[in-house]
Amino acid sequence: MFFYVTFLLFTSVLGYGNYRLRIPNGDKVPDPCNPSKIWRGVGHLGADGGGARNPFGVDFEKHGKLWTRLCKLDSDGDGMTNGEELGDPRCVWAPGMVPPKAKKISHPGICEPWNSTSCQEKNKWLSCEERKLNCHGLEDPNVRNLTLKFPQRMLVPPRETNYFCMIFDIPSDRDYHLVATQPVIDNREVVHHVLAFGCDIADNQQIPSTPYPCAMLAHPNCLEIIATWTLGSAGECANPDVGFRLGKNGYKKVALQIHWNNPQELSSLMDASGLRLYYTPILRANDAGMLVVGQDFIQLNPQPADSPSVQVTSVCAAKCTKEMFKTPIYITAAINHMHYHGISQIISLYRNGSKVRDITNDLVYSYDSPIINTFNPPIEILPGDEIRTECNYRSPTDGDPVCFGDGTQNEMCYGFITYYPIHRLLRPWCTTRRSVESCQRHLPRFQNGPIDGCHWKRFLTEGKVTILPNILQRCYNENMTTLECSDTCIQAVKMVRQHKCLNGDIGGYIVMKLRLIAAGRLFLNAVDICDCSQRLDLGYCDRRIERALIGDQKYKYCTAESQSRKYDSRQNGGNVGQVIVDELESGSKSIHNQYTVFFVVVFCILLK
C-alpha cells in the first residue's frame, strides 16, 4: 500500500507539472504572500500542488483545462481576467507559444492584494503566517543572542539573482555553542535564503567591512555552513547534545550571506534581513560540523513535456570518508537542496556495498517548503562508508539547457548534513563534478595523484609558463584581439588537444577552471576553433560563459569560403582580448615577457 500511494503522489506531481504548460507563464506565477517564491500548484490551495483546488483550479477543471475558455474569466474576483494576470491580456496564446508578456505576472486564483479589505472574504482559505520555531533550548536562561544584519537597508540590484555577504565578529572572550537560529526578515518580497558560514580568518587578515557581492561561498576562508534559513523554514534548533563552537577556540568571525530573488528586476526594492544566532556558554557534549554532499555539474536539456525525469547522481566514496574522518561521526540533521526543476531527492548510506538506510527521502521535493530531517538517535557513519545522492528533475520544454548555478533559474543537487563530533581537518565538501571527486582534488593523500591519467595539478602549474602562453602566442595577434589560425597555431592546437587533462570528466573540470579567467577563455577558443577536424568534448554548460559560448565561432570559421583564418576574438565572450591587453600592459616590458608574471598569478588563484 505504501508504494502504491507513493506512486500516486509521484505521478500526480508530474501531472500538475504538465498542467502548468497549458497556461501562459504557468511556471512563473508568484506567491502573493512572498513574490520571490513561485506558486507551483497554480490551481491548488497548496503552493506545491495537490489537494483541494483554488478558484482558478475549479474553473480549470470545469472548462476542460482549455486556456481559450479560461482566459477571459476572472476566477479570483479581483477585477483582472486570468489572461491579464498570466501575461496574455488579448487571449492569443496557445500551448507551445511564447507568452506575450513574461513580467508582472500575478496569481489567477488568489484575489490581490491578498490582505486588502475587498479580498479578505475571497481569500479566507489563504494563510501567509510564517512557521514558528519550536526549540526547548531557547528556554535556558544562559542562552544569549546576536543578530547579524547589514548595517542599513540596501538597494536590491535590478537582476533576478543576487548574493550579498558581510563578515561579522563573534564574542571571543570564552567558548560558546551555537544552538539555534531564527530568520530576521525585513522584505519578504525578495529574500530567498540566508546562510551563516564559520570563518577561519586571522585577526591581521584584511576583510571587507561592509556588505559585498558574493557567490555560493561568502569568502575563501569561510567554508563551513553553521546556519541556514530558506523559504518555508521557521529557523533551526540544534540537537540537545551538540552545538557549533564559537568564540575563543571556535569561530571568531561569521559570514552572513543573503540571496535576493528579484525575478521582475525591479530597481526600487530595499532589504535589511539577517539571522539571529542563539548561543550559550554552557557547552554541550559535542561540537557540531556540516558536511555537504552532491553533484557540482548539472545539464538539463530541453525535452517534450511528457519525457521521463532526468536523474543526477553523486557518491561520497568509501576512500573519501576513510580519509576524511578516522572515527565514526553521527548525523543529527539533514536537508535536501534542489531548485524549481527538482522532483525528488534521496541521500542514502551504504556500507560494504549494501544499503544501510536512507538519510533523506523527499519523494516529492519542494524548493519552497524544505523538509529538515532530524535524527534521535543520530545516524552513525563509519570511516569507509559511502553516502550516495540521487536527484531527479523535470526537463525544460524549450529554450537553452538548464545548468548548475546559484540562481533559481539554474539547478543544484546538494545535501547539507549536520554531524558530530566535528573533524577540524575534514574539508566540509564531499561532492563530485560528474565523476571527479572533490576529495581527490583537496585531500593531501590524493591531490598530487592523477585523475583518469591526468596529473591535473601539474597541468595547471606548468600551464602558467608553457601550455597557455604557447597557444596564445602562436594563435593571437600581439593585442590579443584577433585569433589567427596559422599553420603553427593549428599544429600547436592539435598537439594540446590530445592532452588527457583536456578530455573526459577531468577535462570538464579543467575547462571550468580556465573559463574563470580571460586568458583561459582565449586559450579554449583557440583550441576549439582552429582545428576544424574536431572540437572539444564539452556540453553546453561546459561551454557557457558570459554573453557567449566557448567555440561558438567554430562553424563560421571552419566553413568560411575565404578561409581567412582570422576572426575578431572580441566577438566571443565579450572584449576578452582587450582584457588581456589591460592585464598585461604594465610599462615598457614586451607582451610576451609579461605572460609569465600574469600566468603565475592566475594559476595561484586556480589552484586554491
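Here is how the numbers come out for the structure above:
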{"quantity": "Selection status of A305, assigned by TED's automatic domain parsing to the domain that holds R427, modelled with pLDDT under 95 and of a type in the set (A, V, I, L, M)", "calculated": "yes"}
{"quantity": "Selection within region 346-371 - touching a Cys at 6+ places or on another chain (Cβ under 9 Å) and either under 23 Å from I329 (Cβ atoms) or surrounded by fewer than 16 Cβ atoms within 10 Å (Cβ to Cβ) (or both)", "calculated": "I346"}
{"quantity": "Single residue of region 414-428 satisfying the filter (out of contact with any His (no Cβ under 8 Å at 6 or more places or on another chain) and hydrophobic (A, V, I, L, M, F, W, C)) that is modelled with the lowest pLDDT", "calculated": "L425"}
{"quantity": "Where a residue in region 261-272 is at negative phi and its partner, wherever it lies, is basic (K, R) and buried (at least 16 other Cβ atoms within 10 Å of the Cβ), with Cβ under 6 Å and at least six apart", "calculated": "A272/K149"}
{"quantity": "Of residues in region 524-557 being in contact (Cβ under 8 Å) with a residue 60 or more places away in the chain and of a type in the set (F, W, Y), the one surrounded by the fewest Cβ atoms within 10 Å (Cβ to Cβ)", "calculated": "Y540"}
{"quantity": "Single unsatisfied condition, C165 versus (1) surrounded by 12 or more Cβ atoms within 10 Å (Cβ to Cβ); (2) touching a residue at least 24 places away in the same chain (Cβ under 8 Å); (3) not assigned by TED's automatic domain parsing to the domain that holds G198", "calculated": "(3)"}
{"quantity": "Single condition L349 does not satisfy, out of (1) modelled with pLDDT of 95 or more; (2) in a loop (DSSP other than H, G, I, E, B); (3) over 17 Å from the mean Cα position of the chain (by Cα)", "calculated": "(2)"}
{"quantity": "Count of residues meeting criterion [charged (D, E, K, R) and outside any loop (DSSP other than H, G, I, E, B)] in region 123-161", "calculated": "3"}
{"quantity": "Helices (runs of 4 or more DSSP H) wholly inside region 425-484 containing at least 2 residues that are of a type in the set (V, I, T) and surrounded by 16 or more Cβ atoms within 10 Å (Cβ to Cβ)", "calculated": "467-475"}
{"quantity": "Check on C199, within 30 Å of C541 (Cα to Cα), outside the structural domain of Y365 (by TED's automatic domain parsing) and crowded, with 23+ Cβ neighbours inside 10 Å", "calculated": "no"}
{"quantity": "For A215: the one exception among (1) closer than 24 Å to S366 by Cα; (2) surrounded by 15 or more Cβ atoms within 10 Å (Cβ to Cβ); (3) of a type in the set (A, V, I, L, M, F, W, C)", "calculated": "(2)"}
{"quantity": "Selected residue (criterion: farthest from the chain's Cα centre (by Cα)) from residues of region 461-484 that are farther than 16 Å from R521 by Cα and in contact (Cβ under 8 Å) with a residue 24 or more places away in the chain", "calculated": "E478"}
{"quantity": "Residues satisfying the stated conditions in region 107-122, i.e. part of a loop (DSSP other than H, G, I, E, B) and either of a type outside the set (S, T, Y) or in contact with a His (Cβ under 6 Å, 6 or more places away or on another chain) (or both)", "calculated": "H107, P108, G109, I110, C111, E112, P113, W114, N115, Q120, E121, K122"}
{"quantity": "2 or more residues among the charged types (D, E, K, R) and either surrounded by fewer than 16 Cβ atoms within 10 Å (Cβ to Cβ) or at pLDDT below 90 (or both): qualifying helices (runs of 4 or more DSSP H) within region 1-106", "calculated": "55-62"}
{"quantity": "Per-region count, region 49-89, residues more than 19 Å from S116 (Cα to Cα), among the charged types (D, E, K, R) and in contact with a Lys or Arg (Cβ under 7 Å, 6 or more places away or on another chain)", "calculated": "2"}
{"quantity": "Single match in S366, S348 (criterion: touching a residue at least 60 places away in the same chain (Cβ under 8 Å) and closer than 27 Å to A288 by Cα)", "calculated": "S366"}
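The values are calculated or read from the model by the stated rules, or taken from the named source; none is laboratory data. Note that the structure is predicted; figures quoted are calculated from it, not measured. Every residue, glycine as well, gets a Cβ built from its backbone with ideal geometry; the counts of neighbours run over all protein chains shown.
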